[in-house]
Amino acid sequence: KPMENRITDIGPRKYDEFYPPVIAKNKGKWLYHEYLQPGVLVHVAESGDEVYTVRCGGARLMSTGLIREICEIADKHCGGHVRWTTRNNVEFMVDDKSKVQPLLDDLAGRKFAGGSFKFPVGGTGAGVSNIVHTQGWIHCHTPATDASGPVKAVMDEVFADFQNHRMPAHVRVSLACCLNMCGAVHCSDIAILGYHRKPPMLDHEYLDKMCEIPLAIASCPTAAIKPAKVEIGGQKLNSVAVNNDRCMYCGNCYTMCPSMPLADTEGDGIVIMAGGKVSNRITAPKFSKVVVAFIPNEAPRWPTTAKTIKNMIEVYAADARKYERFGEWAERIGWERFFDKCKLDFSHHLIDDFRDPAYYTWRQTTQFKF
Ligand code: SF4
Ligand code: SF4
């Protein structure tokens, strides 16, 4: 079918070609939705039409075999339609209540060889949904931690809460593997952030051959890089020098210049942030705040990161009021008590010094008593 106003066929096809018929028919005319059980939603339209959604946790890295199996399930139950959410969940939608239980039974019967869930149903409402995350060691060039590894380890730790609604409100966890933050961790209930702690190394021998030196200099947001001449083996080479005191370890220079790597086994690790949200419900959206300054990378199972997050979630579940998001709870009890209750150390690393009034936080007020 010819596509309107398109010059070529390059790129994805227009999204609305993929709508299930009941979604296309009722677009913009939905009255309400409800959670029927953890992982199962119903949306009801003005026309009386209903759509039942079954949400499953998706793996971070999927084999073609698993994707084929997902497509087979969609063909069998959903007229060939399936969707991925931004949190890497897989959603199967059916247009009649009688189709829900056969779909749930089918999903429950599919297991990996070791007996673990292939398609665990959950991730809705007042529970812990799947973690939205970035690319990690496998795909990106500037990560300070992995994405798939810590996400898998943390989700294993909190898996029971993926499948129930016992939390006071949504708990949204995210991961970005460097502070460029393409994982949007700045507004999450709990955020895992990969952090470098050392400035870039300089491969002077190759730098002039592999990089545009002016571009590398221009890439630095803090103006920490300047041109330099170095002598190696009696040869004078054009290179750069880094003012380490100005460096904030962002990795932008490495993006422009592969001879300025900053990945480092000891220096790299994880920062945990908390209390952010994008929702406007009850209180205005909030930025996440750093609550744990540094945890080393502990591949392959990141035990300290996973246990720290599990503990924060347990304390929140026990202490917060119904509907209170993580940051709302911490603000109500006071951040000082948040650190006490979660048994987290408060150190000078956690004091921010944003100068813009838009970012003023509790740490700059005289009310903060640490
Ligand atoms: Fe790459 Fe940073 Fe994004 Fe991770 S957060 S994928 S390292 S740009
Ligand atoms: Fe500049 Fe960032 Fe490179 Fe440091 S890591 S030198 S702040 S671009």
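Which pairs in the list 25/118; 310/341; 29/76 are over 21 Å apart, alpha-carbon to alpha-carbon? Spell out each step's value before the answer.
Values: 25/118 32 Å; 310/341 13 Å; 29/76 27 Å.
Pairs exceeding 21 Å: 25/118; 29/76.
For residue 132, enumerate residues with amide H under 5 Å from its amide H, sequence gap 5+ or separate chain, H modeled in the peptide plane.
Answer set, sorted by chain and number: 173, 175.
Residue 322: which aspartates and glutamates have alpha carbons under 18 Å from its alpha carbon, excluding same-chain residues fewer than 8 sequence positions away?
34, 161, 189, 314, 331
What residues qualify as long-range amide H neighbours of residue 197, i.e. H under 5 Å apart, gap of 5 or more or another chain, H built at 1.01 Å from N?
Here 268 satisfy the definition.
Using DSSP to call loops (not H, G, I, E or B), can you name the trypsin sites (Lys or Arg not before Pro) in segment 215-306 whose Cβ has at most 16 other Cβ atoms within 10 angstrom?
On the way: sites: 229, 236, 246, 277, 281, 286, 289, 301; in loops: 281, 301.
Here the sparse-neighbourhood loop sites are 281, 301.
Give the Cα extents of segment 299-339 along the principal axes, in whole Å, largest first.
36, 21, 13
Can you give the local net charge around residue 172? Use residues other than it whose beta-carbon is closer than 9 angstrom to its beta-carbon, Lys and Arg +1, Asp and Glu -1. Don't skip to the end; give the middle numbers.
Numbers: positive: 87, 277, 325; negative: 189.
After counting each charged neighbour, the total is +2.
Using only the Cα atoms of segment 75-184, build the gyration tensor, take square roots of its eigenvalues as a ≥ b ≥ c, and label the shape rounded, prolate or oblate: rounded if a/c is under 1.5, else prolate if a/b is larger than b/c, else oblate.
Working: a/c = 1.93, a/b = 1.73, b/c = 1.11.
Verdict is prolate for segment 75-184.
Calculate the radius of gyration of the Cα atoms of the chain to one decimal place, then report Dmax, the largest Cα-Cα distance, as a whole number, both in Å.
24.1, 82
Give the long-range amide H neighbours of residue 228: residues separated by 5 or more places, or on another chain, with amide H under 5 Å away, using H modelled in the peptide plane at 1.01 Å from N.
Residues meeting the criterion, in which the H sits 1.01 Å from N, are 239, 240, 241.
Please give the direction-averaged projected area of the C-alpha convex hull for segment 41-102, in square nanometres with one decimal.
Details: hull surface 18.6 nm².
Value for segment 41-102: 4.7 nm².
Got a sec to turn the phi values of segment 12-20 into Karplus ³J(HN,Hα) couplings, 6.51 cos²θ - 1.76 cosθ + 1.60 with θ = phi - 60°, whole Hz, x for Gly and Pro?
x, 6, 4, 4, 6, 5, 9, 4, x
Would you work out if segment 182-251 is rounded, prolate or oblate? Take a ≥ b ≥ c from the square roots of the eigenvalues of the alpha-carbon gyration tensor; rounded if a/c is under 1.5, else prolate when a/b is larger than b/c, oblate otherwise. Present the calculation step by step, with values, prior to reporting the outcome.
Numbers: a/c = 2.84, a/b = 2.75, b/c = 1.03.
The shape class here is prolate.
FYI, it's all coordinate maths here, none of it is from the lab. All figures in this text were calculated on a predicted structure; none of them were measured in a lab. For neighbour counting, all protein chains shown are included, and Cβ atoms are generated from backbone atoms with ideal geometry for every residue, glycine included.
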